[in-house]
Structure formats: structure tokens, C-alpha cells
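Novice: Have a look at this one before I ask anything.
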Amino acid sequence: MVTLSVNGVPRTIPIEPRVSLLDALRDRLDLTGTKKGCNQGACGACTVWVDKRRVLACLTLAITCEMREITTIEGLAVGGEPHPMQTAFVELDAFQCGYCTPGQIMSAVAFLAEGHPRDDSGIGEWMSGNLCRCAAYPNIRAAIRRVRDASLDGSGDATG
Ligand code: FES
Ligand code: FES
């Protein structure tokens with residue numbers, strides 16, 4: 001048995017040591033917002049936070065996350081209101097098929113909180129682990145810039 005705290009809710013599940021955090025979230029906890037793309041650490045579709053740091057859930061064993069706080073895309077909204085990054089992605093059309101989008105959003109919010117350069121080159125570098133096969137990159141960057149700029153002028157919350 002392993003107890004995982006996901007989006008603030010402790011969940012105890014029977015799990016084998018070999019099970020990835022991604023499979024635990026999707027197949028055992030029915031949290032299917034986190035996507036499985038490559039399942040080998042190359043695409044970023046499975047990005048979640050563990051103790052507020054972004055990780056690739058496909059390369060993380062679920063048992064290593066006991067006693068740590070896991071946040072998925074389902075836990076990003078606050079009080080029923082979407083996170084500003086979610087709103088920006090929708091309003092700026094930052095997706096096509098949407099498969100990469102949960103990982104992009106989890107990574108983008110963490111990126112703005114991590115203290116990296118927030119200019120376009122910083123966005124390109126520190127979001128490079130999140131691939132978009134629909135090539136929605138210009139709109140993804142526009143969404144991140146909007147949240148970044150809102151946080152700079154105090155009118156928005158960049159980091160959730
Ligand atoms: Fe984890 Fe692609 S599914 S990096
Ligand atoms: Fe289709 Fe990114 S929106 S993979």
C-alpha cells in the first residue's frame with residue numbers, strides 16, 4: 001500500500017514498486033488529465049509537480065512520492081476558477097489537439113516560478129522539454145508571456 005497526496009487529497013492504493021507515477025495517476029486514481037505520450041521521458045506530456053517542482057511522471061516511481069505533495073492539472077484551478085495560465089491558453093488558442101496541453105501548462109506555471117530568465121529565449125530554453133506535435137509554439141509562448149506580464153504589473157498571478 002502506498003499513500004499518495006494528490007491535489008491535497010491523500011489516496012491509499014495497492015501498488016507494485018515498479019508502477020510509475022503516471023500510471024498510478026491515470027490507471028489507479030482516474031486522474032487522466034496527465035497524458036502519456038512517449039512514456040520514456042522525451043515529450044513532457046506527463047509533466048506534474050512533486051513538492052511544487054516539475055517532474056516527468058513517466059520516469060518517476062509512484063512509491064518515491066509517498067509523503068510528498070503531488071499536483072496535477074486537475075489541481076491547478078482554485079475555487080473553481082481556472083488558473084491564469086489555463087485561461088491564457090484558451091484565450092490565445094495555445095493548442096490544437098490539446099494532448100500536450102496539460103503538461104505544457106504545468107510546466108509553464110512552474111517555469112515562471114523557478115526564477116529563470118523570463119524573456120523569449122528563457123521561455124524557449126526552459127520549456128524545451130515540452131514538445132507539441134501540432135507546433136502551437138508561437139501561441140504557447142504568447143500565453144506564457146501574457147501571464148508573465150500580468151505578474152510583473154501585479155494584475156495577475158503567475159505561479160498559482
Ligand atoms: Fe513522460 Fe513523454 S510521457 S515524457
Ligand atoms: Fe497537439 Fe500540442 S496541441 S500536441
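None of the figures in this text is laboratory data; all of them are computed from the coordinates on show. This one's a predicted model, so the numbers in the text were calculated from it and none came from an experiment. A quick note on method: Cβ atoms are made from the backbone with ideal geometry, for glycine too, and the neighbour counts reach across all protein chains shown.
Novice: Determine the pairs where a residue that is touching a residue at least 24 places away in the same chain (Cβ under 8 Å), located within the stretch 9-20, has a partner that is part of a loop (DSSP other than H, G, I, E, B) and surrounded by 10 or more Cβ atoms within 10 Å (Cβ to Cβ) with Cβ atoms under 7 Å apart, the partner being 6 or more residues away or on another chain.
Specialist: Ser20/Thr60
Okay, residues lined up against (1) within 15 Å of ligand 1 (Cβ to nearest atom); (2) over 24 Å from Arg28 (Cα atoms); (3) touching an Asp or Glu at 6+ places or on another chain (Cβ under 6 Å):
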| residue | (1), (2), (3) |
| --- | --- |
| Asp51 | no, no, yes |
| Glu66 | no, no, no |
| Gly75 | no, no, no |
| Met85 | no, yes, no |
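For (1) among the small types (Gly, Ala, Ser); (2) closer than 23 Å to Ser20 by Cα, each residue gets a yes or a no:
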{"site": "Ile70", "(1), (2)": "no, yes"}
{"site": "Glu91", "(1), (2)": "no, no"}
{"site": "Ser121", "(1), (2)": "yes, no"}
{"site": "Ala135", "(1), (2)": "yes, no"}
{"site": "Ala143", "(1), (2)": "yes, no"}
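Novice: Got a sec? Which of Ile70, Ile63 is touching a Pro at 6+ places or on another chain (Cβ under 6 Å) and more than 13 Å from ligand 2 (Cβ to nearest atom)? Walk me through how you get there before you give the answer.
Specialist: On the way: Ile70 fails: touching a Pro at 6+ places or on another chain (Cβ under 6 Å).
Just one listed residue meets the conditions, Ile63.
Novice: While we're here: Going through the stretch 60-98 one residue at a time, which ones are in contact with a Leu (Cβ under 9 Å, 6 or more places away or on another chain), among the hydrophobic types (A, V, I, L, M, F, W, C) and either buried (at least 20 other Cβ atoms within 10 Å of the Cβ) or within 21 Å of Ala113 (Cβ to Cβ) (or both)?
Specialist: Ala62, Cys65, Ile70, Ile73, Met85
Novice: Next up: Restricting to the stretch 107-127, name every residue that is within 16 Å of ligand 1 (Cβ to nearest atom) and either touching a residue at least 60 places away in the same chain (Cβ under 8 Å) or over 21 Å from Thr71 (Cα atoms) (or both).
Specialist: Ser107, Ala110
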